[in-house]
Every structure is written in structure tokens, then in C-alpha cells.
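Chemist: For reference, the structure I am asking about is given below.
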Amino acid sequence: MSDLILEKQPKSPISEAYRTIRTNIDFSSIDKEIRTILVTSSGPGEGKTTTAANIALTYAQAGKKTLLIDCDLRKPRIHKVFKISNRIGFTNMMADDMKLSEAAFLFNDTLQVLTAGTIPPNPSEMLSSNKMKTFLQAAAMVYDRIIIDSPPINVVTDAQILGAATDGVILVVSSEITNIEGAIRAKELLLKVKANILGVVLRRLKSGSGKYGYSSYYYYYAEDGEKKRRKKKNDRRPQSHSSRD
Amino acid sequence: MIDVHSHILPGIDDGSKNLDVTASMLKIAQDDGIDKIIVTPHYVTGIFENSYDDVLKSLNNVNSLIQDKGLNIKLVPGQEIFLDRYTLDLYKDGILRGINGGSYLLCELPMDKLPEDAMDMIYELHVAGARVIIAHPERYMYFVNDLTLINDFIKEECYFQINSGSISGIFGHEVKKTAKLMIKNGICDFIGTDAHNADTRSPKIKNAIEKSEDYLKGIKDTLIKNPYFLLNNEEINVKCRKLYKKSRLIFNK
């Protein structure tokens with residue numbers, strides 16, 4: 001579970017950055033509570049799954065009843081991050097009328113993980129079905145937060161469909177991986193379906209290039225954090241930028 | 001030495017035909033310095049459906065033969081499982097079990113084409129607590145053509161068993177070359193004989209282990225020790241394993 005930094009090192013600066021993302025999401029909307037959140041990116045390999053899993057964990061750790069769904073029905077990976085079975089999951093629930101309680105994995109008291117399940121021949125149709133809409137509405141009644149992982153938006157249409165059906169979208173960009181045109185195109189695609197872009201999560205930023213050098217200071221504030229000060233090598237540190245349009 | 005892959009049990013699969021063949025195979029094995037054999041009859045859905053319990057029964061018959069002949073070889077139960085979508089359920093039902101009742105499963109894949117869901121099947125077995133050993137990967141056409149395909153299996157923490165016959169060249173030049181490349185990269189945890197009879201595919205292992213030491217220094221020791229971990233169901237160290245990268249030099253193959 002190397003990607004689940006919030007499980008392994010809850011006091012690390014990276015975990016703190018995820019908690020900041022949580023706070024930023026919660027404060028980004030005053031009138032309407034953001035319950036369903038989509039995580040996507042412009043291309044593959046930019047850190048969607050890791051971001052989605054850790055954001056789900058921050059909500060769960062804050063005592064919110066959270067459901068994490070792997071809607072990347074083309075290259076699902078959530079099950080690998082949590083090291084759990086993917087024999088049954090989201091698609092089985094949609095296609096075989098299975099109950100959510102049967103298909104989801106109870107990670108802890110507050111977090112349930114719904115893996116992708118058997119890869120279907122028609123992911124987009126499944127995600128745009130009425131059944132999917134009904135499911136999301138019903139789930140929003142039961143869970144405080146629903147975090148959805150998705151395929152890259154510039155590659156397939158799935159994330160656009162989901163973006164239109166959720167309360168908010170987080171766009172993940174990776175330093176030195178995401179290209180600028182790709183990120184702009186991703187934003188356009190989301191705005192086209194009137195998705196509510198909550199903000200952008202920047203990942204893999206080389207330390208030193210940012211102006212917030214708090215990574216080495218954080219331990220100073222942590223109550224019982226590790227004694228040893230770690231060198232600034234947290235190049236995977238995500239930062240949250242509120243960029244509401 | 002321990003042979004981790006053998007079709008020595010008589011009349012149960014395409015291996016030994018009868019007790020006489022088994023007896024001569026046992027003799028060859030003992031003369032070659034093998035003192036334990038993990039018997040691994042095929043389990044192929046619809047063709048050879050030998051459950052773990054079937055293997056135990058057959059193994060008892062051969063044990064009495066060993067006593068009669070006064071041989072000094074111990075047999076250990078196992079199965080060679082053809083990986084398909086039924087494998088996980090069969091494992092959970094106890095029809096398939098790990099070697100010596102432990103968690104190591106000797107699994108084979110199709111020779112000609114890598115199944116699309118191979119990695120998913122292996123992942124699910126790992127989640128279910130099994131540890132997958134890939135049987136004779138050097139013989140699969142897709143690995144022979146492009147060994148980089150094996151990197152997914154390395155990342156999924158599979159183990160690899162190479163046939164002694166592949167090293168000596170009985171499966172052809174290409175297979176021999178692939179076996180050599182794998183050993184050079186440390187992608188070899190076991191050498192098994194995959195013996196099917198007493199002549200063309202006989203249970204000899206010694207030369208292959210000696211030969212592999214020429215390819216990668218220090219591997220002989222590992223190859224001799226690993227099967228003991230297997231029998232005790234202990235964790236096997238794979239620290240010398242490298243991801244396979246294609247050499248850019250044509251003459252360096």
C-alpha cells in the first residue's frame with residue numbers, strides 16, 4: 001500500500017497537503033455541500049488514482065462516511081492501491097443488480113471502496129446510463145462524500161460524463177509530465193459539460209521550485225511527529241491551488 | 001537437490017505411463033543427485049483434472065514402490081496448474097493447493113499466446129494469499145519473441161521456474177537463448193526437470209544447475225536453497241532480480 005501515504009505516514013507533510021486539499025474542497029462551496037467529487041487528469045500516469053485514494057482517506061479520517069469508486073473501467077487500479085480483490089465491483093453492481101453492500105469492500109469504519117469489477121465492453125454507455133444517475137443520487141443520500149476515480153479526460157469521454165453528474169471535479173496535473181495544452185484542453189472539455197471544477201492538484205513538484213518551503217518545518221509543529229527532520233526530498237508533494245473559474 | 005517440477009506419478013497425466021516408467025525415472029533422478037521430488041501432475045480444466053487429494057493418493061502408491069526398490073527419494077505433493085478463469089475458485093475450494101500444502105502454486109500459461117487477463121488472474125491469486133511460480137516461462141512463444149513482457153510478472157512478484165531441458169537445449173535454440181537471458185538477469189528462482197519420461201524428458205537437473213552458474217555467478221547456491229524455502233512455505237528472496245531491458249547492441253544478444 002505504498003501509495004496510501006495517509007495510512008502509512010499520517011503526519012508527513014504530504015499527508016498534511018492532502019488535508020489541505022480536503023479543507024479547500026469543503027470551503028470552495030458555501031451554499032451547496034460538495035458530496036460527489038470526480039478526480040481526473042488530462043492524460044494517463046499523472047496520479048489520479050493516488051490522489052483519489054488519499055483524498056478519500058482524508059475524509060474518512062475526518063469521520064465522514066466515504067465511498068471511493070473506481071470508475072476507470074478501462075485501466076482500473078484502485079484495487080491495486082488497496083491490495084484488494086477486483087473480482088466483483090462497480091460494473092457487477094451495475095450489470096448484475098448486485099447490492100452496493102455486496103460489491104463494496106469495507107476498508108475501515110468510515111471508508112468503503114468499490115473497485116471497478118469486470119471490465120465491460122461499453123464503459124461510456126454504462127456511465128451515462130440512467131441507472132448510474134440513480135445510483136449516484138442514492139449513494140449521495142447514504143454517504144457524506146463520494147470520491148470517483150476516472151480515466152484521463154483527453155483520451156476517452158468517460159470523465160466528461162462523470163464530470164457532468166458530480167458536484168465537483170478535481171483536475172490532477174503532474175509537474176514535468178502534464179503538458180500545458182493538454183491541461184487547457186482538459187479544462188475546456190470539463191467546462192463544455194458544465195462540470196464544476198473545484199481546483200487543480202499539482203503533483204510531483206520538485207522541492208525548492210515552490211515558494212512554500214514548509215515541508216521541513218512541518219515536523220516542528222507536529223505534536224509527536226518523527227524526531228528526525230527529513231531532508232527536502234518530497235518531490236511528490238501535492239499542492240492545492242484554488243482556481244475557481 | 002530438489003526437483004520442483006515433475007510428472008513422475010504414473011498414469012495421471014501425460015507424464016509417466018506406468019509404475020515401471022516411474023521406477024526408472026526415480027532411478028535416474030537418484031543417480032543425478034536428486035533426493036526430493038515435488039510431484040506436479042497437470043491440472044488443466046477439462047483435460048487433466050487432478051485434485052490435490054488425487055495427487056496424495058497416487059503419491060502413496062509410488063511411496064510404497066520407493067520402499068520396495070530401496071530407493072532414497074522423498075516425494076512431496078504439488079500440482080502444475082494451467083491458469084484460467086476457474087483457477088481462483090478451485091484454489092479457494094481446496095481442489096488446487098500450494099506445493100506441500102503451502103501457498104506456492106506452480107502455474108503454467110498457454111504456450112502460444114499470453115492471455116489478456118493473465119495479470120488479473122495472478123493478482124487475484126496473490127490477494128487470496130497464494131504465491132505464483134510461473135512454470136517454464138522460457139518456453140512460451142511470447143517471452144521468446146519479447147522478453148520485456150515478463151517485466152509485468154516481475155512487478156507482480158511472481159517466481160520463475162526454468163526447465164533443465166531448456167538449458168540443455170532440448171526445446172530448441174530459441175528457448176535455450178531465452179533461458180540464458182533470464183538467468184543472466186536473475187529471473188530464475190528454481191530449476192525443475194519437468195520430467196515426463198525416462199528418455200527424452202528425463203529427471204536430470206545437475207548439469208543445468210552447473211550451467212546456470214556460468215551465466216550468473218552465485219545463482220547455483222540460490223537455486224539449490226530456494227526449494228527448501230518452498231517446502232517450508234517460507235518467503236523466498238528475489239533481491240538479485242532485474243527488470244529485463246532490451247540490449248541496444250545487436251551483437252550482444
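Chemist: Give the lysines whose C-alpha is closer than 16 Å to that of A:LYS99, dropping any in the same chain fewer than 8 places away, or say none.
Modeler: A:LYS99 reaches A:LYS131, A:LYS133.
Chemist: Still on this structure, please answer the following. If I take every Cα pair under 8 Å that is 6 or more residues apart in chain B, average their sequence separation and divide by the length, what percent do I get for the relative contact order?
Modeler: Relative contact order for chain B comes out at 20 percent.
Chemist: Can I ask one more? With unit charges on the beta carbons (Lys and Arg positive, Asp and Glu negative) and the dipole taken about the Cα centre of chain B, which residue among B:GLY98, B:MET25, B:ILE187 sits farthest to the positive side?
Modeler: Positive-end residue among those listed: B:ILE187.
Chemist: Among rounded, prolate and oblate, which fits chain B when a ≥ b ≥ c are the square roots of the eigenvalues of its C-alpha gyration tensor, a/c under 1.5 means rounded, and a/b larger than b/c means prolate?
Modeler: oblate
Chemist: What does the charge dipole of chain B about its Cα centre add up to, to the nearest 20 debye, if the Cβ of each Lys and Arg holds +1 and the Cβ of each Asp and Glu holds -1?
Modeler: Roughly 1160 debye for chain B.
Chemist: Right, something else. Where in segment B:1-107 are there trypsin sites (Lys or Arg not before Pro) that are in a DSSP coil and have at most 13 other Cβ atoms within 10 angstrom of their Cβ?
Modeler: When the trypsin sites (Lys or Arg not before Pro) of segment B:1-107 are filtered for loop state and at most 13 Cβ neighbours within 10 Å, B:LYS17, B:ARG85 remain.
Chemist: Fewest first, what order do A:ILE153, B:ILE224 take by the number of other Cβ atoms within 10 Å?
Modeler: In increasing order of surrounding Cβ atoms, one gets B:ILE224, A:ILE153.
Chemist: Follow-up. How high is the relative contact order of segment A:31-228? Use alpha-carbon pairs under 8 Å, at least six apart in sequence, and give a whole percent.
Modeler: 30 percent
Chemist: Could you tell me the center-to-center distance, by alpha carbons, between segment A:93-159 and segment B:5-45 in angstrom?
Modeler: Cα centroid of segment A:93-159 versus Cα centroid of segment B:5-45: 50 Å apart.
Chemist: OK, next. Amide H of A:TYR143: which non-local residues (sequence gap of 5 or more, or other chain) have their own amide H closer than 5 Å, using H built in the peptide plane?
Modeler: So A:TYR143 has HN proximity to no qualifying residue.
Chemist: Moving to a separate point now. Select from B:VAL175, B:SER212, B:PRO77 the residue farthest towards the positive end of the dipole of chain B; place +1 on Cβ of Lys and Arg, -1 on Cβ of Asp and Glu, and compute about the Cα centre.
Modeler: Selected residue: B:SER212.
Chemist: Classify segment A:31-228 from the C-alpha gyration tensor, please: rounded if a/c falls under 1.5, else prolate or oblate depending on whether a/b exceeds b/c.
Modeler: Verdict is oblate for segment A:31-228.
Chemist: Going down the list B:LYS36/B:LYS246; B:LYS27/B:LYS177; A:LYS80/B:LYS211; A:LYS75/A:LYS194; A:LYS8/B:LYS155, which pairs span over 32 Å between their C-alpha atoms?
Modeler: From B:LYS36/B:LYS246; B:LYS27/B:LYS177; A:LYS80/B:LYS211; A:LYS75/A:LYS194; A:LYS8/B:LYS155, over 32 Å: B:LYS36/B:LYS246; A:LYS80/B:LYS211.
Chemist: When a footprinting reagent is the concern and you count Cβ atoms within 10 Å, what order do B:PHE143, A:PHE90 take, fewest first?
Modeler: By the 10 Å Cβ count, ascending, the order reads B:PHE143, A:PHE90.
Chemist: Non-local amide H neighbours of B:VAL39 (under 5 Å, H modeled in plane, Pro and chain starts lacking H): which ones?
Modeler: B:VAL76, B:GLY78
Chemist: Could you pull out the GluC sites (Glu not before Pro) across segment A:1-47 that fall in loop regions by DSSP (anything but H, G, I, E, B) with no more than 14 other Cβ atoms inside 10 Å?
Modeler: Counting only loop positions with at most 14 other Cβ atoms within 10 Å, the GluC sites (Glu not before Pro) in segment A:1-47 are A:GLU33.
Chemist: I want to verify a result. In a Gaussian network model of chain B, Cα cutoff 10 Å, which of these has the top mean-square fluctuation: B:PRO110, B:PRO41, B:PRO137?
Modeler: Most flexible of the set in this elastic network: B:PRO110.
Chemist: What ranking of B:SER16, A:SER128 emerges when the number of other C-beta atoms within 10 Å of each C-beta is taken as an exposure proxy, fewest first?
Modeler: A:SER128, B:SER16
Chemist: OK, next. Return the long-range amide H neighbours of B:PHE160 (sequence gap of 5 or more, or a different chain), with a cut-off of under 5 Å between placed amide H atoms.
Modeler: Placed amide hydrogens put B:ILE134, B:ASP189, B:PHE190 under 5 Å from B:PHE160.
Chemist: Which GluC sites (Glu not before Pro) from segment B:98-130 combine a DSSP loop assignment with at most 16 other Cβ atoms within 10 Å?
Modeler: Loop-located and lightly packed - B:GLU116.
Chemist: Turning to a different aspect of this structure: Could I have the simple spin-label model distance between B:LYS36 and B:THR200, label points 7 Å from Cα toward Cβ, reported in nm to one decimal?
Modeler: The two pseudo-label positions are separated by 3.2 nm.
Chemist: Here is a follow-up. In the Gaussian network model of chain B, springs joining C-alpha atoms below 10 Å, which of B:PHE160, B:PHE48, B:PHE82 carries the largest mean-square fluctuation?
Modeler: Of B:PHE160, B:PHE48, B:PHE82, the Gaussian network model singles out B:PHE48 as fluctuating most.
Since every read-out is calculated from the coordinates, none of them should be taken as a lab result. Everything numeric here is computed off the predicted structure, so don't read it as measured data. All Cβ positions, glycine included, derive from the backbone under ideal geometry; neighbour counts span all protein chains shown.
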